[in-house]
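Trainee: The structure's right below; bear with me while I get my questions together.
Quick note: the coordinates plus some simple rules give every number you see, no bench work behind them. All figures in this text were calculated on a predicted structure; none of them were measured in a lab. Cβ placement follows ideal geometry from the backbone for every residue including glycine, while neighbour counts extend to all protein chains displayed.
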Amino acid sequence: MAQEFARIFAETNTIAVVGISEKPGRAGHYVPEYLAGQGYEILGVTPSGHNSLASQSARTLDELGRQVDLVLMFRRSDQVGEHLADILKLDPLPRVVWMQTGIRNDVFARALEARGIEVVSDRCAMVEHRLL
């Protein structure tokens with residue numbers, strides 16, 4: 001898995017964080033903050049459409065109007081499917097959708113994989129990046 005994660009991070013420049021948080025104690029804040037510190041461009045997707053960590057924020061992925069290499073999910077397992085249509089509308093499609101620790105939805109993952117999108121489930125992007 002380490003080689004796969006190394007490849008994913010090497011091929012990634014822009015990360016859209018769905019569920020990014022302004023609260024420093026939440027993973028939805030400190031994980032994107034760490035990734036930004038590693039040189040990745042962070043785009044935020046949050047109901048308010050605003051986030052101070054992100055170089056650009058919007059209410060939906062579609063509203064970003066940008067190419068995204070990786071979509072990083074900070075939503076509950078039963079809520080990630082709500083973003084499937086938005087992810088599949090992106091042009092070009094993101095190469096990877098990454099669901100953070102504790103987040104897994106096999107139906108969502110299969111739908112993404114059927115469109116050629118690589119899926120990582122139940123893993124922390126910050127932890128995996130630090131292990132490289």
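Trainee: Just the ratio, please: alpha-carbon radius of gyration of the chain over 2.2 N^0.38 Å, N its number of residues.
Mentor: 0.94
Trainee: Would you work out the relative contact order for the chain, in percent, from Cα pairs under 8 angstrom that are 6 or more residues apart? Show your work: numbers first, answer last.
Mentor: Values: 245 pairs, mean separation 29.6, N = 132.
The value is 22 percent.
Trainee: Another question, then. Rounding to the nearest 20 debye, state how big the charge dipole of the chain is about its Cα centre with +1 on each Lys and Arg Cβ and -1 on each Asp and Glu Cβ. List each step's numbers first, then the result.
Mentor: On the way: 14 positive and 17 negative charges, 43 e Å.
For the chain, the charge dipole is close to 200 debye.
Trainee: Ordered by residue, what ³J(HN,Hα) values in Hz, to whole numbers, does segment 67-74 give under the Karplus form 6.51 cos²θ - 1.76 cosθ + 1.60, where θ = phi - 60° and Gly and Pro are x?
Mentor: The phi angles translate into 6, 10, 7, 9, 9, 9, 9, 10 Hz.
Trainee: Within segment 37-72, which residues have the backbone N less than 16 Å from the label spot 7 Å out from residue 22 along Cα→beta-carbon, could you tell me?
Mentor: 44-59
Trainee: Using amide H atoms built in the peptide plane, which far-off residues or other-chain residues are under 5 Å from residue 101 H to H?
Mentor: So residue 101 has HN proximity to 123, 124, 125.
Trainee: Run the simple label-point estimate for residue 6 and residue 66 please: 7 Å along Cα→C-beta, distance reported in nm.
Mentor: 2.8 nm
Trainee: Output the peptides 68-75, 104-111 sorted from most to least packed, where packing is the average of other Cβ atoms within 10 Å over each peptide's residues. Mind showing how you got there, number by number?
Mentor: On the way: 68-75: 23.5, 104-111: 15.6.
For the peptides 68-75, 104-111, the packing ranking is 68-75, 104-111.
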